[in-house]
1. Evaluate the following for residue A:114: is it within 28 Å of residue A:64 (Cα to Cα) and either touching a residue at least 12 places away in the same chain (Cβ under 8 Å) or within 14 Å of chain B (Cβ to nearest Cβ) (or both)?
2. Of all the residues that make up the stretch A:179-197, how many are away from every other protein chain (no Cβ under 11 Å) and farther than 18 Å from residue A:258 by Cα?
3. Taking into account only those residues within the stretch B:42-101 that are in contact (Cβ under 8 Å) with a residue 60 or more places away in the chain and within 8 Å of chain A (Cβ to nearest Cβ), which is surrounded by the fewest Cβ atoms within 10 Å (Cβ to Cβ)?
4. Filter the stretch A:53-63 down to the residues that are part of a loop (DSSP other than H, G, I, E, B) and surrounded by fewer than 16 Cβ atoms within 10 Å (Cβ to Cβ), then identify the one that is farthest from the chain's Cα centre (by Cα).
5. I'd like to verify a number: residues in the stretch A:127-173 that are under 22 Å from the mean Cα position of the chain (by Cα), touching a residue at least 60 places away in the same chain (Cβ under 8 Å) and part of a loop (DSSP other than H, G, I, E, B), how many?
6. Going through the stretch B:23-49 one residue at a time, which ones are part of a helix (DSSP H, G or I) and either more than 19 Å from residue B:114 (Cβ to Cβ) or at pLDDT below 90 (or both)?
7. From A:106, A:100, grab the single residue that is crowded, with 22+ Cβ neighbours inside 10 Å, over 16 Å from the mean Cα position of the chain (by Cα), over 23 Å from residue A:173 (Cα atoms) and more than 8 Å from every other protein chain (Cβ to nearest Cβ).
8. Considering only residues that are within 14 Å of another protein chain (Cβ to nearest Cβ) and in a helix (DSSP H, G or I), look in the stretch A:223-240 and name the one that is nearest to the chain's Cα centre (by Cα).
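The values are calculated or read from the model by the stated rules, or taken from the named source; none is laboratory data. Treat the numbers as computed from the prediction; the structure is a model and nothing was measured. FYI the Cβ positions are ideal-geometry reconstructions off the backbone, even for glycines, and counts take in every protein chain you see.
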């Protein structure tokens, strides 16, 4: 009987270890060999079968218009699943302007530094070809020459599922492009800002929350994976770069470290 | 007859919205009492069980509230609450706008409060990062 329990324990431990390995392709290797042939998989991105609001409009974009990854924190508990965030976002819109699905394109579940739960897992969010809803609908940024060329082709179409979609000229204003159109949102699930009246999910001064090395490394892997696939992605920014917000909490001060870690995988970010 | 029916439906809808509005405003009055005046005995009436659990339990939440800097009675900002109901589920999103008594300055919280019904009462289940 005892032997059976022991066998079961060993089996479970090896399964758990295999799961961790499964998510972290080059765990422990800070300088992996760069595979010159696509697909490069520095981190496994799990598929999620999201509910979508079929009555909501969205815009499809050529991915060549994306030049920046924007880091967020969800502000929710770090145990929240991508599906739960999707549920919130589906509920968030109004009847006149409903949300299509989760606003971010990538969702990282990860423990805070010094903790072991939840298990580190990168999930896909809104498909990258669909314009995100994360940087702020009033945020516009200067256009690069490449973006001007893509924009001139008028290939960005907006509409509902099953519709052909129409070109929306309001996505560019006074020579500036809507940040949601030119960026991709990556959210680290959790709350990395201090507790306050406006942030009751925040951390106490006695127990501050920091991202772990594995969290930063996972963001760097994802950023690099995206740059290898879409070489025009050259920047890593953070939400409050675009407008006044506490998001992404203290993750903002780790952006430089994320860029340094991405260099280990052969990527350069501004 | 049809007009009467429409008026009746409109009246019901209006009274439902008015009662939700009152419930949310009452909730945030209690929230003020908890956060500004440290009336932590109201925690169970203000936050969902799930929120309290994810905050590390009641004791840790109380500790966090007590750690908040004491606010001078005169400078406690008045809160204007605006809210909307979720488009699909029984969830509400509220935004707080502060009006300082001293400077009559307006500042808006960038977060949205998630409000759920628990045991028939509206309670705060945390916040959701802004962005759209």
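1. Numbers: within 28 Å of residue A:64 (Cα to Cα): no; either touching a residue at least 12 places away in the same chain (Cβ under 8 Å) or within 14 Å of chain B (Cβ to nearest Cβ) (or both): yes.
Here the answer is no, as residue A:114 does not meet what is asked.
2. The qualifying residues number 2.
3. Narrowing the stretch B:42-101 to residues in contact (Cβ under 8 Å) with a residue 60 or more places away in the chain: B:45-51, B:54, B:83, B:85, B:92, B:94, B:96.
So of that shortlist, the ones also within 8 Å of chain A (Cβ to nearest Cβ) come out as B:47, B:51, B:54, B:96.
Values: B:47: 25, B:51: 22, B:54: 20, B:96: 23.
Selected residue: B:54.
4. First, pick out the residues of the stretch A:53-63 that are part of a loop (DSSP other than H, G, I, E, B): A:53-57, A:61-62.
Among the residues that remain, those that are also surrounded by fewer than 16 Cβ atoms within 10 Å (Cβ to Cβ) are: A:54-55, A:62.
Details: A:54: 23, A:55: 25, A:62: 18 Å.
Among those that are part of a loop (DSSP other than H, G, I, E, B) and surrounded by fewer than 16 Cβ atoms within 10 Å (Cβ to Cβ), it is A:55.
5. So the count comes out to 9.
6. From the stretch B:23-49, those part of a helix (DSSP H, G or I) are B:23-37, B:40-46, B:49; that's our starting set.
The answer is B:33, B:36, B:37, B:40, B:41.
7. A:100
8. Taking the stretch A:223-240 as the starting set, the residues that turn out to be within 14 Å of another protein chain (Cβ to nearest Cβ) are A:237-240.
Filter again for in a helix (DSSP H, G or I), leaving A:239-240.
On the way: A:239: 11, A:240: 15 Å.
By that ranking, first place goes to A:239.
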